[in-house]
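The structure under discussion appears below in the form of structure tokens.
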Ligand code: SF4
């Protein structure tokens, strides 16, 4: 493996959502989370796909479940940051490939919306992930905290008060 194995899929996700969130999370700065959205997320994880094997930890990645066709699944509430979700799953596939597991496919499930998106990793995606990992390392090892992004998504972010209040 050519990159740091310690980067988690959550960090990949935050890289696409907000570099400041990535930096704060990577510095173990955690805010109390008590919103209804967090509760909904927990509920979705606890009550959906109960027959499948859930939450498989492999190194720094945690896969929600693998179905009986070998497809890895990531469960999400809404597609509001769909690009971030897609790269998170591509990272799972890329990481497994580094371990010698080939021909893996992924799927993002939005059970509340009854929507699913299939995800594959192209050779170009693999190169892009290596570049993303380098950029993430550079962001999280910087002493400078990235600025706020002032987007609608900020209102749902656990760091909202830290950033704006
Ligand atoms: S509130 Fe907005 S700027 Fe602050 S960490 Fe969250 S997404 Fe980033």
Cα gyration tensor shape of the stretch 9-164, rounded if a/c is under 1.5, else prolate or oblate by comparing a/b with b/c:
oblate
Which order do the peptides 102-109, 144-151, 123-130, 21-28 take when ranked by the mean count of other beta-carbon atoms within 10 Å per residue, highest first?
21-28, 102-109, 123-130, 144-151
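I'd like to compare 132-139, 12-19: which one has the highest average count of other Cβ atoms within 10 Å, and what's the full order after that?
On the way: 132-139: 16.6, 12-19: 21.9.
Packing proxy ranking, top to bottom: 12-19, 132-139.
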What percent antiparallel are the DSSP beta bridges of the stretch 9-164, to the nearest 5?
75
The stretch 52-90 and the stretch 122-165 have their Cα centres apart by a whole-number Å value of 20
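Read-outs: derived from the displayed coordinates by stated rules, not from any lab. Nothing here was measured: the structure is a model prediction, and the numbers come from that model. Note: ideal-geometry Cβ built from the backbone for every residue, glycine included; neighbour counts use all protein chains shown.
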